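Asks: For reference, the structure I am asking about is given below.
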Amino acid sequence: MKNRLKVLRAERDWSQADLAERLDVSRQSVNAIETGKYDPSLPLAFKIAKLFGLAIEQIFQED
Amino acid sequence: MIATKNDFDRPTRRFTGGYLLGLGGLGLASAAFVAACSYLKRQHADTIVLVGVAAAYGLVILALTTYCSRMVRRAGRLNPSAAAKRYRMRFMVAITVYVVALIGSLSAVIQYHLIGLVAYVLAITPALPLLAAIASMGVYLHEETDEFERAMQAEAALWASGGLLAVETVWGFLELFGLVPHIQTWWAFAIWCFLLAPGRLLALRRYC
């Protein structure tokens, strides 16, 4: 699954650690999600969407 | 390419080195322990010497585990979750109790030539903290709120379980044909724990 996490993070000048802290997950988790190697669960996807004030489909797209 | 600050790198050489050092060190320490025990047995050494060797082995294992896990955490710039910290603490306490229980039970049974129910109870005593260590892993998976960490730990456990089954199966047949010595089944937990480290490394390599 593709995602815009890196772009959204860059827009806010957040590091992976910053985003991880806001989501209450590890930096490794953010890295794995961002690089598309790990697909987050629905609750985590909702949490990410809420943090950026966007809908899930505006952040995550099918390959 | 979007530039963002402090991006997480792939596991570094130091990171892998920490795992390999831990794994190699544990293997070497265990081999030295087994060799020392078998030598001392042939020499009919005093119980106190055997207990001393077992205590030294326990201390080496504890020191090596602590050093290598610290090295891996620093190299990977990992910030363990509260659940992971609790798990490590429980596991280390269980292993420390195990070492003490093993030394105590062994020396009591050998020293006083205990038999019957007391011997059974003392024989099972060292297994109890190991059961607690196994349970602490289950508790960790339940308590971990970071789903990625949980998935990685579960994958590492699957790799370790598969590896253990492979090792036991191959060894069993080698033993059946009289090509290798018998291994006592309590080694299964130790082997599984050894295999957790490469299992986690494989999981990390896949995702990071």
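Where a number appears in this text, it was derived from the coordinates with a stated rule and is not lab data. As the structure is a computational prediction, the values presented were derived from the model and not from experiment. Ideal geometry is used to build each Cβ from the backbone, glycine not excepted, and the neighbour counts take in all protein chains shown.
Asks: Dipole size in debye (nearest 20) for the protein assembly as shown around its Cα centre, Lys and Arg Cβ +1, Asp and Glu Cβ -1?
Replies: Details: 28 positive and 21 negative charges, 145 e Å.
Using only the charged Cβ atoms, the result is roughly 700 debye.
Asks: To continue, here is another question. For the range B:87-177, rounded, prolate or oblate, judged on the Cα gyration tensor with a ≥ b ≥ c (square roots of eigenvalues), a/c < 1.5 rounded, else prolate if a/b > b/c?
Replies: Oblate, because a/c is 1.5 or more while a/b does not exceed b/c.
Asks: Continuing with the same structure: Okay, helix-only estimate at 222 nm for chain B: each DSSP H run of n ≥ 4 adds -39500 (n - 2.57), divide by all residues, round to 500 deg cm²/dmol; what do you get? Please report the intermediate quantities before stating the final value.
Replies: Numbers: 7 runs with 167 residues, N = 208.
The helix-only estimate for chain B comes to -28500 deg cm²/dmol at 222 nm.
Asks: Pick out which of B:GLY172, B:GLY17, B:GLY162 has the largest mean-square fluctuation in a Gaussian network model of chain B, springs linking Cα atoms closer than 10 Å.
Replies: B:GLY172
Asks: OK, next. Please report Rg (one decimal) and Dmax (integer) in Å for the Cα set of the range A:2-57.
Replies: 10.0, 25
Asks: Which residue, A:SER26, A:SER15, A:SER41, tops the fluctuation ranking in a GNM of chain A built on C-alpha contacts under 10 Å?
Replies: Among A:SER26, A:SER15, A:SER41, the largest mean-square fluctuation in the Gaussian network model of chain A belongs to A:SER41.
Asks: Tell me the relative contact order for the range B:60-193 as a rounded percent, counting alpha carbon contacts under 8 Å between residues six or more apart.
Replies: Rounded, it is 23 percent for the range B:60-193.
Asks: Using the eigenvalues of the Cα gyration tensor, what equivalent ellipsoid semi-axes result for chain B when each is taken as the square root of five times the eigenvalue, whole Å, largest first?
Replies: Value: 35, 19, 17 Å, ordered largest first.
Asks: Listing B:LEU117, B:LEU23 from the residue with the fewest other Cβ atoms within 10 Å to the one with the most, what is the order?
Replies: Listed from fewest to most nearby Cβ atoms, that is B:LEU117, B:LEU23.
Asks: Find the centroid of the Cα atoms in chain A and in the range B:128-200, then give the distance between the two in whole Å.
Replies: A separation of 33 Å, based on Cα centres.
Asks: Checking understanding here: applying a Kyte-Doolittle mean of at least -1.0 and a length along the axis of at least 15 Å (C-alpha), which whole DSSP H helices in chain B pass?
Replies: Qualifying helices: B:13-42, B:47-75, B:82-112, B:127-143, B:147-176, B:187-207.
Asks: While we're here: Starting with the fewest neighbours, write out B:MET152, B:MET92, A:MET1 ranked by other beta-carbon atoms found within 10 Å of each beta-carbon.
Replies: Numbers: B:MET152 25, B:MET92 16, A:MET1 12.
In order of increasing Cβ crowding within 10 Å: A:MET1, B:MET92, B:MET152.
Asks: Could you put A:LYS37, A:LYS6 in order, starting from the residue whose Cβ has the fewest other Cβ atoms within 10 Å?
Replies: Taking fewest neighbouring Cβ atoms as first place, the list is A:LYS37, A:LYS6.
Asks: Pick from B:GLY18, B:GLY116, B:GLY52: which residue has the top mean-square fluctuation in a GNM of chain B where Cα pairs under 10 Å get a spring?
Replies: Comparing B:GLY18, B:GLY116, B:GLY52 in the GNM, the peak value goes to B:GLY116.
Asks: May I pose another question? Leaving out same-chain residues fewer than 8 places away, which lysines sit with a Cα under 23 Å from that of A:LYS50?
Replies: A:LYS2, A:LYS6, A:LYS37, B:LYS5
Asks: Now for a separate question. Can you return the lysines within cross-link range of B:LYS41? Criterion is Cα-Cα under 28 Å, with same-chain partners fewer than 8 residues away left out.
Replies: Answer for B:LYS41, where 28 Å is the Cα cut-off: none of the lysines qualify.
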